[in-house]
Amino acid sequence: MNRAALIVLADGRFPAGGHAHSGGAEASVTAGLIKDADSLENFCRGRLHTTGLVAAALAAAAAAGHDPLKLDDAADARTPVQALRNTARKLGRQMMRAARATWPSAELDHLAAHRPHGAHQPVVLGLAARSAGLNPLDAAYAAAYETISGPATATVRLLSLDPFDATAVLAHLSDDLDRTVSAAATAAQHIPEHGLDAMPAASAPLLDITAQQHADWPVRLFAS
């Protein structure tokens, strides 16, 4: 197994487009919900156990070889807000470009052909991990970590937060990350018995609301 590929996939410099997105942090900073390292940690913890759990499970399922088209439909059903669906597919298109250039595979080509406007990013990420020779747990880690590292990095720019404090937030969440990834991978393992109903559908209504509001802003630093 090529574990070095996990480092490449999870590296913030991997050209998958995530640097242009704040994962809801920009709207939360503007609303005063994130104002320092402590509130950033609370935000990231909530995001990890909702959005992160769902994304990690989708990525794990795709890496396990489950039908990515059905998983993409499942992702749509778990993303009630149009702004977030648009963002997920935009990031999925960029992830697809990067993945096909890095780990080309017939499976990635097949998904790209059937979702020309982009599949949800966690599904593409999981398929990229599979193409790179990684396992479902690896894919879940990459997806879950991205859901918190993006907002943490964005908050450094939005609040001029000390980068050391932002990194400490991610370190403090390591146990939560492990538990979330374990739950996501376990859910993916139950698909053969229970179908896609085994997949988590955790929601974060406030993130949904602020994401739709953010999409209507005439001026913003991040795309989402």
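Report, in debye and to the nearest 20, how large the dipole of the range 57-103 comes out about its Cα centre when Lys and Arg carry +1 and Asp and Glu carry -1 on their Cβ.
On the way: 8 positive and 4 negative charges, 53 e Å.
Value, rounded to 20: 260 debye.
How much net charge surrounds residue 77 when only other residues with a Cβ under 15 Å from its Cβ are counted (Lys, Arg +1; Asp, Glu -1)?
Once positives and negatives cancel, what remains is -2.
Please work out whether the range 95-222 counts as rounded, prolate or oblate from its C-alpha gyration tensor, where a ≥ b ≥ c are the square roots of the eigenvalues and a/c under 1.5 means rounded, while otherwise a/b larger than b/c means prolate and anything else oblate?
Details: a/c = 1.58, a/b = 1.34, b/c = 1.18.
In terms of gyration-tensor shape, prolate.
For the charge dipole of the range 37-215, defined by +1 on Lys and Arg C-beta atoms and -1 on Asp and Glu C-beta atoms about the Cα centroid, which residue among 53, 133, 119 has the Cα displaced farthest towards the positive pole?
Towards the positive end, the residue furthest out is 119.
Can you work out the FRET efficiency for the pair residue 212 and residue 186, with r the C-beta to C-beta distance and R0 = 35 Å, to the nearest 0.05?
0.65
For residue 30 and residue 107 in the same chain, what is the full-extension length gain: residue separation times 0.36 nm, less their Cα-Cα distance, in nm? Write out the running numbers ahead of the final one.
Details: separation 77, 0.36 × 77 = 27.72 nm, distance 4.07 nm.
Extra length from residue 30 to residue 107 when fully extended: 23.6 nm.
Among 57-65, 170-178, how do they line up by average Cβ neighbours within 10 Å per residue, starting with the highest? List each step's numbers first, then the result.
On the way: 57-65: 28.7, 170-178: 14.3.
The peptides rank, most packed first, as 57-65, 170-178.
HN-Hα J couplings of the range 111-126 from phi, Karplus 6.51/-1.76/1.60, θ = phi - 60°, integer Hz, Gly and Pro as x?
With coefficients 6.51, -1.76 and 1.60, one gets 5, 4, 5, 8, 10, x, 8, x, 9, 4, 4, x, 5, 5, 4, x Hz.
What is the packing order of peptides 124-137, 197-210, taking the mean over residues of other C-beta atoms within 10 Å and listing the highest first?
Working: 124-137: 25.0, 197-210: 16.1.
Highest mean packing first, the order is 124-137, 197-210.
Go through the range 68-76 residue by residue and turn each phi into a ³J(HN,Hα) via Karplus (6.51, -1.76, 1.60, θ = phi - 60°); whole Hz please, and just put x for glycine and proline.
Whole-Hz 3J(HN,Hα) from phi for the range 68-76: x, 5, 5, 5, 5, 5, 5, 5, 4.
If each DSSP helix of 4+ residues adds -39,500 (n - 2.57) and the sum is divided by the residues in the chain, what number results at 222 nm, nearest 500 deg cm²/dmol? Display every interim value, and only then the final one.
Values: 13 runs with 151 residues, N = 224.
Value at 222 nm, helices only, nearest 500: -20500 deg cm²/dmol.
Which whole-angstrom value gives the distance between the alpha carbon centres of the range 1-68 and the range 71-107?
Going from one Cα centre to the other spans 14 Å.
Any idea what the dipole of the range 82-194 comes to, in debye rounded to 20, about its Cα centre with Lys/Arg Cβ at +1 and Asp/Glu Cβ at -1? Each step should come with its number before you reach the end.
Working: 10 positive and 10 negative charges, 142 e Å.
The calculation lands at about 680 debye.
When the dipole is taken about the Cα centre of the chain, and only Lys, Arg (+1) and Asp, Glu (-1) are charged at their Cβ, what size is it in debye, to the nearest 20? Write down the numbers at each step before the final one.
On the way: 18 positive and 22 negative charges, 128 e Å.
Here the chain has a charge dipole of around 620 debye.
If you split all Cα-Cα distances of the chain into 10 Å bins from zero, what percentages do you get per bin, shortest first?
9, 37, 38, 15, 1
In degrees between 0 and 90, to the nearest 10, how far off the longest principal axis of the chain does helix 174-189 point, with axes built from Cα atoms?
Its long axis makes an angle of about 30 degrees.
Computed from the coordinates by the stated procedures, all read-outs in this text should not be read as laboratory data. Quick caveat: nothing in here was measured; it's all calculated off a predicted structure. Using ideal geometry, Cβ is built from the backbone for each residue, glycine included, and neighbour counts are taken over all protein chains shown.
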